[in-house]
1. Given a 1.4 Å probe and every protein chain left where it sits, what share in percent of the accessible area of the chain is carbon and sulfur?
2. Could you order the peptides 54-60, 71-77, 111-117 from most to least packed, using the average number of other C-beta atoms within 10 Å per residue?
3. Tell me the angle of helix 12-22 to the major Cα principal axis of the chain, expressed in degrees between 0 and 90 and rounded to the nearest ten.
4. Measuring from label point to label point, each 7 Å out along Cα→Cβ, what is the Ala23 to Glu2 span in nm?
5. Rounding to the nearest 10 and keeping the result within 0 to 90°, find how far the Cα-based axis of helix 99-115 lies from the longest principal axis of the chain.
6. Just the accessible area per residue of the chain, please: how many Å² with a 1.4 Å probe?
7. Where does the charge balance sit around Ser89 when Lys and Arg score +1, Asp and Glu -1, over other residues with C-beta under 9 Å from its C-beta?
8. So what's the net charge close to Leu111: Lys and Arg +1, Asp and Glu -1, counting the other residues with Cβ under 13 Å from its Cβ?
Amino acid sequence: MERIWRKDILTESFCEEMLRMMAGVGTERAGRWLPINPYAAEMVAHGYPPEKTVQFAGKTGSLVGVRGQVAAVWNDDLAYVVAIMTDGSRDLSWGVDSEGSLFAAQLGRLLYESLAP
């Protein structure tokens, strides 16, 4: 994921397309409580004041009792990649409020709060 974000694997245009396809994927997990606005750049282009938001691109995966995610989070002041895998959950539900998804959300928030300037 880091090499895709840095655009140093394959070609730059392929990396940009992969990030575009993964934009917002997994925001219910590691991105759940981050300041994400997928329309921020468009809003600035139309004269709205810039917001302090991050871009988020990810890929999720799930099995019974398992949740996984890899994501890149960035803006002008911050950039990081996170990989999260949970296993052994007794909560076997598939919703956004499942134990594994909420754990990823909490970890995502803690990581952002510890790294944000």
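1. On the way: 4240 of 7390 Å².
Answer for the chain is 57 percent, counting heavy atoms of protein chains only.
2. Numbers: 54-60: 21.0, 71-77: 17.1, 111-117: 12.1.
Ranked by mean Cβ neighbours within 10 Å, highest first: 54-60, 71-77, 111-117.
3. It works out to around 50 degrees.
4. Distance between label points: 2.5 nm.
5. 40
6. Values: 7390 Å² over 117 residues.
Heavy-atom accessible area per residue stands at 63 Å².
7. Working: positive: Arg67, Arg90; negative: Asp87, Asp91, Glu99.
Charge balance near Ser89 sits at -1.
8. Numbers: positive: Arg29, Arg32, Arg109; negative: Glu113.
Residues near Leu111 contribute +2 overall.
The values are calculated or read from the model by the stated rules, or taken from the named source; none is laboratory data. Note that the structure is a prediction, hence the values are computed from the model and not measured. Glycine also receives a Cβ, built like all others from the backbone with ideal geometry; neighbour counts cover every protein chain displayed. Keep in mind that these areas ignore ligands, DNA and RNA; they rest on the heavy atoms of the full protein, side chains included. Shrake-Rupley method; radii C 1.70, N 1.55, O 1.52, S 1.80 Å.
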